[in-house]
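The values are calculated or read from the model by the stated rules, or taken from the named source; none is laboratory data. These figures come from a predicted structure and were not determined experimentally. Note that each Cβ is placed from the backbone with ideal geometry, even for glycine, and that neighbours are counted across all protein chains shown. The protein model used for the area step is the full one, side chains on, heavy atoms only, and it has no ligands, DNA or RNA in it. Shrake-Rupley method; radii C 1.70, N 1.55, O 1.52, S 1.80 Å.
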Amino acid sequence: MAQKAYEYLWTLEEGVEDPGNGRPSLGPVYRNILAKHGWVKPNPGLDTCWGLFSHAVKQCPNNPMLGHREITDGKAGKYIWKTYQQVYDEVLHIGSAIRASGVEPNGRCGILGANCPEWMLTLQVCSFLCGIVCFELIMIAIVRP
């Protein structure tokens, strides 16, 4: 039977050694101790990306959430941060603009973008509008012939 590995981890499966060289070929599988006997059900309202994000905004609206580094003369400078509330407000504005363009609730809207602060904003917008998010690798496979 599985045993406790760390205080908050439960070893669900032990690692497997490669019989040829005795080194691990498959690592152990760990689970949070709170989910030892199965997955914990999420709290009501925290079962979607939008629910989690909205809750975080209510809990810590002035905490830094999304940052990027200033680039001056090709050199990375200090981080510039937006708070949870600032990001939330932008998400609502962008979502409103997308809705005004004709996308209905639970409708379809594809946004292709690279990993950057603007992508995180659009990810939250998609969670807000329809709950479906496509990541760049998936979109490239769809867009390329």
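What are the residues in segment 70-115 that are of a type outside the set (Gly, Ala, Ser) and at positive phi, if any?
Matches in segment 70-115: Asp73, Asn106.
Given the criterion more than 27 Å from Met120 (Cα to Cα) and among the aromatic types (Phe, Trp, Tyr), identify the matching residue among Tyr88, Tyr8, Tyr84.
After ruling out the rest, the residue left standing is Tyr8.
Applying the selection to segment 46-81, what residues are over 20 Å from Leu121 (Cβ atoms) and touching a His at 6+ places or on another chain (Cβ under 7 Å)?
Leu46
So if I check each of Leu46, Leu52, which one is within 30 Å of Cys130 (Cβ to Cβ), open to solvent by 80 Å² or more (accessible area, probe 1.4 Å) and under 16 Å from the mean Cα position of the chain (by Cα)?
Leu52
Test each condition in (1) in contact (Cβ under 8 Å) with a residue 12 or more places away in the chain; (2) loosely packed, with under 14 Cβ neighbours inside 10 Å; (3) out of contact with any helix residue (DSSP H, G or I) (no Cβ under 9 Å at 6 or more places or on another chain) for Arg31 and report the one that comes out false.
(2)
If we scan segment 10-25, do we find a residue that is surrounded by 10 or more Cβ atoms within 10 Å (Cβ to Cβ) and touching a helix residue (DSSP H, G or I) at 6+ places or on another chain (Cβ under 9 Å)?
yes
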